[in-house]
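The values are calculated or read from the model by the stated rules, or taken from the named source; none is laboratory data. Being a predicted model, the structure only gives us computed values, none of them experimental. When we count neighbours, we look across all protein chains shown, and the Cβ atoms used for this are built from the backbone with ideal geometry, even at glycine. Each accessible area value is taken on the protein alone, full model and side chains, heavy atoms only, with ligands, DNA and RNA left out. Shrake-Rupley method; radii C 1.70, N 1.55, O 1.52, S 1.80 Å.
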Amino acid sequence: MPERPLTAPAESPRTGDLPADEFRAAAHAAVDWIADYLENAVRYPVRSRVRPDDIREALPTAPPTRGEPLDAMLRDFHATILPGITHWNHPAFFAYFANSGSYPGILGELLAAGLNANGMLWVTSPAVTELEQVTLDWLRQLMGLGDGWFGEITDTASMSTFYALAAARERAGFDVRGRGMAARDDLPRLRVYCSEHAHSSIDKAVIALGLGHENLVRIPADAQFRLRPEALEAAMAADVAAGYAPIAVVPCVGTTSITSIDPVREVVRIARRHHCWVHVDAAYGGVAAIVPELRYLMDGVDGADSFVVNPHKWLFTPMDCSVLYTRDPQSLKQAFALLPEYLVTRMQDEAINLMDYGIQLGRRFRSLKLWMVLRAYGADGLAERIRQHCELAREFAGMVHFEGGWELTAPVTLSLVCFRYVPPGATEAEIAALNAAIMEQVNARGRVYLSHTKLDGRYTLRLAIGNIRTERTHIELAWRELRDAAASVRPAA
């Protein structure tokens, strides 16, 4: 933030934009602050310490009558907004799945904002459509997948999965697009299947698509937390016998709680017997395939109908940037395409119009930031950064494994470690309370941020590594913080 006021007019002009010099001064100050912030994010508590309504109550209740200078807004950003930020860019942010904005990605976001292009039609900005197609084909190649995939960028995996299941519903052939689902005697109950550990975005997609939440069938997992193919096969056969219509299966490459890898190839084989769409949720784990020795994790994905991967999770691309790939773009287009007269162009049949492949008409220029990230680091640089995160996870797992009173609760597949404190003789209820207290104490200190889950009813801590600036020192810090917190909450002998 600037330490002295920037040059600004006494009053903002009543028409037109602000003076360019005022913008230049503020933008230079903001970029300088961003660079300093990313270099020194450890100065901030990872998790925001404000209370509910603190930010709202610190802001005026009504908008200003007269325009205010940009430097005043930057000062308020620093004083009022920043305290309410949980710092996902902090190298000790280990909660959920980390995301981090890299310099090339931030630069791409800035340029995209400046251009303010809308890529709804090819003609409304050809570069938006064509760069997106080229960049997503690059990403496909980086993950070692075959030809024949059509890709589009959405905001999050939730929307990508919604689109995929909409395409599955369309391809099932019940004309839900035209006739709807209500009051239809000819429409069987449509079923979707996923692992018991699959993400809640699948639930939301099923609800939003009108399939009914009870028609999402969660399949039991094995001891490695992977969907059991024989259980899937039995569930689908039973549903068909009961008159239901299976339309989609959603295996995972990197489940949310534990990053387990479902047997995609087996799932595809079973799904094909029932003419089901297979959508692979690789939102977190998919980019690991950029590392050559981890490419086996995507085994079977080339046989699926669609999959999602999120560059904003583990590919250092600022929020938001999710990628949906499909081998059947025609079904996706059938589910959503509409062409009112005011959107007809003479290029209609010669180019891709991205508005045809989803709900949104307007589309941001998201591919620019991803394109710049891929170019800045290259295949080798991206692989090495992801590889390092996986190595750090294994190191942290070793610290837990060799420390008395702690245990790993799931295999370390990628860069996530699931673990907990287990003092001798403690009951499950006591273990859960102790670990919740440990996590809250660590998070409240502000040097590290963790999250939790439950595995087979067991309260479990999660440490997820994915920030581009995370180093071994941050892993060691997390372990010290955890041990100190455990010592303070440990029951007296």
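General remarks:
- Filter result for A79 (without any contact (Cβ under 8 Å) to a residue 24 or more places away in the chain and either in contact with a helix residue (DSSP H, G or I) (Cβ under 9 Å, 6 or more places away or on another chain) or buried (at least 20 other Cβ atoms within 10 Å of the Cβ) (or both)): yes
- So V442, is it modelled with pLDDT of 95 or more, within 17 Å of R394 (Cα to Cα), open to solvent by less than 10 Å² (accessible area, probe 1.4 Å) and in contact with a helix residue (DSSP H, G or I) (Cβ under 6 Å, 6 or more places away or on another chain): no
- Residues of segment 98-115 classified as out of contact with any Gly (no Cβ under 6 Å at 6 or more places or on another chain) and at pLDDT below 95, total: 3
- Any chance L107 is in contact with a helix residue (DSSP H, G or I) (Cβ under 9 Å, 6 or more places away or on another chain), surrounded by 15 or more Cβ atoms within 10 Å (Cβ to Cβ) and either among the small types (G, A, S) or not in a loop (DSSP other than H, G, I, E, B) (or both): yes
- The lone criterion from (1) buried (at least 16 other Cβ atoms within 10 Å of the Cβ); (2) of a type in the set (F, W, Y); (3) in a helix (DSSP H, G or I) left unmet by Y296 is number (1).
- Residue list for segment 110-121, filter: open to solvent by less than 50 Å² (accessible area, probe 1.4 Å) and of a type outside the set (G, A, S): M120, L121
- Any hit, segment 316-324, residues being open to solvent by 10 Å² or more (accessible area, probe 1.4 Å), within 21 Å of Y96 (Cα to Cα) and either without any contact (Cβ under 8 Å) to a residue 12 or more places away in the chain or basic (K, R) (or both): no
- Here the strands (runs of 3 or more DSSP E) wholly within segment 376-493 that include at least 3 residues being closer than 30 Å to E293 by Cβ and not hydroxyl-bearing (S, T, Y) are 406-408, 416-421, 458-464.
- Flag for S48 being under 26 Å from S367 (Cα atoms), open to solvent by less than 60 Å² (accessible area, probe 1.4 Å) and of a type in the set (G, A, S): no
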